[in-house]
Amino acid sequence: MNKKVFIFLLACMLFLVISKPSFAATENPDIYIEINGVTLVSLDSMYMENGTALIYYRFFFESLGMTVELDHNTGRIQVFDGGESEPLLTLWLDSKKVSYKGKNWTLSVPVRRTGNLTHIPVRSIGELLGYKVQFNKAEQIIRLTKKISEKSEEISPVLDAFFKEGQFNPTREIFSDSGWEDYRGFEPEIGVAFNFLPLLTSSFKVNDIIYLSENHALVKVSYVSSSAVFNREIDFTLLVTKKKKDWKLSGFYMGNTRYEMAEGAREEGAAVALKAKEAASVMADLEKYSQAWKDDNAAAILQSTSPVYINEFEAAAGVRYENALCYQSSLYNKEDASETFIPYLSADHAVVYVSELQTDVDDDGKLVKVQVDTLMRMDKTEDGRWTVHSKLEFVDFWLAFSL
C-alpha cells in the first residue's frame with residue numbers, strides 16, 4: 001500500500017515576516033511555544049528583545065481558542081474568550097498598559113509593531129492568563145502550563161454528534177466556521193460519500209483531551225468501522241472551542257489512517273457479476289464517464305456525472321458545475337485500472353472496486369508506479385443511467401500534528 005506523510009500546520013497560524021524590526025531585536029525561528037504539552041508551530045512569529053520573548057499576538061491568542069480585534073486607527077487590541085461580548089484583555093500598540101478583566105496591569109515591554117505583525121511579551125501575557133511560564137534554554141522551548149478542570153462531560157455531546165450512529169454525517173450546527181471548512185475538506189478522505197453502505201461494526205474512543213485553555217481543547221479520537229465492502233481505522237485530532245454555553249468543533253485533522261477491503265468483498269463481487277445485465281450497465285456507464293473526459297465532451301460529462309454530486313457541488317461552491325468543469329478532473333481512467341469488480345450493488349447505488357496504478361516518488365526520489373485500491377461510488381438516476389459520484393482511495397498515511 002502506498003504510504004504518504006502529511007505534516008499539518010494550522011493554516012491560519014502560518015505567518016512569514018518579510019520586513020525586519022526597526023529596533024534592536026534578534027529573530028529566533030528555532031524557539032517554540034508549548035502550551036500544556038502541545039507545541040505551537042509558526043514561521044517567524046517570535047523574536048527576542050533584550051532577553052524578552054515576544055510572539056505574534058493573533059497566533060498566540062487564537063491558539064488558545066480566543067478571538068482578536070485590532071483597531072488600526074487607535075492601536076487598540078481586544079481579546080475575546082468563550083464567545084463573550086466583553087473583552088477579556090485589551091492592549092494598545094507601543095504601550096505596556098493592559099486591561100485584564102477590567103483591571104489595569106503593566107507588561108514587561110510594550111506591545112510592538114514589527115514589520116507587518118504585532119507582537120506581545122510571552123511571559124507577561126501568559127502569567128496574566130494564569131499560566132506558569134518556563135524557558136528551557138537547552139531545548140529552546142518556552143513552556144506554558146496551567147491546570148484546567150476536566151470538561152469531558154461538556155465536550156462529549158459534540159463528539160457523539162460527530163460520530164452520529166457510527167457514521168460521519170454531522171450537522172453544521174456543531175462546527176465553528178473554520179471547523180466546518182476543515183471538515184468539508186476532509187469529507188472525501190474519510191468516505192462520507194459511502195455512508196449508504198450498512199455498517200457491520202463501528203466505534204470510537206477518546207484517547208486524550210488536552211486543554212489549552214478553559215475554553216479550548218485538543219481531543220484525540222480513534223475511530224474503527226467495518227462494512228461489507230471496506231474497513232477503516234482513523235485517528236482524529238479535533239479542536240473544540242467553547243462559545244458561550246456550547247462547545248463547537250473548530251478544527252478537524254486526520255491522523256493515522258488505514259483502509260482495507262472487507263473479507264469476502266471479492267466473493268460478493270463475483271456474486272454481483274451473476275446479475276449480468278445490471279452489472280454490465282454499471283461498468284458500461286463507468287466507461288462512458290471515462291471516455292467523456294478523454295473526449296473533453298462537456299455534455300457527456302454532465303450526463304455521466306451523478307446529479308446528486310452536481311447538486312452538492314453547486315450548493316458548496318456557489319457556481320454551476322458546468323461552469324467549473326475546467327477545474328475538475330476525471331475520477332476514473334480505464335487505462336490505469338488493472339482490476340475491477342462490483343462488491344456492492346443495490347437499486348440506487350453501486351460501488352466499483354478499481355485497482356489503479358498511480359505515479360509516486362520512492363525513498364530514492366524516483367518516480368514509480370504503485371497500486372492503489374480505489375472505490376468508485378455510482379448513483380442510478382430516475383431514467384436508469386448509472387452516474388459517477390465520487391471515489392475513495394485506500395491510501396494509508398500518518399500525520400505529525402502540531403498546532
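Since every read-out is calculated from the coordinates, none of them should be taken as a lab result. Source: prediction; values computed, not measured. When we count neighbours, we look across all protein chains shown, and the Cβ atoms used for this are built from the backbone with ideal geometry, even at glycine.
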Sorted by Cβ neighbour density within 10 Å, fewest at the top, the residues D360, D30, D373: D30, D360, D373
Per-residue Cβ neighbour rank within 10 angstrom, fewest leading, H119, H72: H72, H119
Loop-located GluC sites (Glu not before Pro) in the stretch 215-306, at most 14 other Cβ atoms within 10 Å (DSSP): E263
Percent of beta bridges antiparallel (DSSP, the chain, rounded to nearest 5): 90 percent
Of K147/K248; K147/K205; K205/K369; K132/K248, those spanning more than 30 Å from alpha-carbon to alpha-carbon: K205/K369
Prolate/oblate/rounded label for the stretch 269-380 (Cα gyration tensor, a/c 1.5): oblate
Positive minus negative residues near T39 (Lys, Arg vs Asp, Glu; Cβ under 13 Å): -2
Under 15 Å, Cβ to Cβ, from Y309 - net charge with Lys/Arg +1 and Asp/Glu -1: -1
Pairwise FRET efficiency - N116 versus Q140, Cβ, R0 = 22 Å, nearest 0.05: 0.35
Partner aspartates and glutamates for K137 [C-alpha distance under 16 Å; skip if fewer than 8 residues away on the same chain]: E27, D30, E34, E49
Order of I342, I209, I174 - criterion: other Cβ atoms within 10 Å of each residue's Cβ, fewest first: I209, I174, I342
With Cα atoms, 0 to 90° folded angle of helix 307-317 axis to the chain main axis: 20 degrees
Most mobile listed residue (D235, D285, D383) in the chain, GNM with C-alpha springs under 10 Å: D383
Between the stretch 309-362 and the stretch 89-158, the alpha-carbon center distance in angstrom: 47 Å
Protection-proxy order for peptides 99-112, 185-198, each taking the mean of Cβ atoms within 10 Å per residue, highest first: 185-198, 99-112
Proximal charge balance of V388 [Cβ under 12 Å; K/R count +1, D/E count -1]: +2
Residue among A279, A138, A347 with the largest mean-square fluctuation in a Gaussian network model of the chain, springs linking Cα atoms under 10 Å: A138
Option label - log10 I(q)/I(0) by the Debye sum over Cα atoms at q = 0.06, 0.10, 0.14 Å⁻¹ computed here, alternatives [x] -0.36, -0.87, -1.24; [y] -0.23, -0.68, -1.40; [z] -0.33, -0.80, -1.20: [z]
Nearest-20 debye value, the chain charge dipole, Cβ charges on Lys, Arg, Asp, Glu: 1660 debye
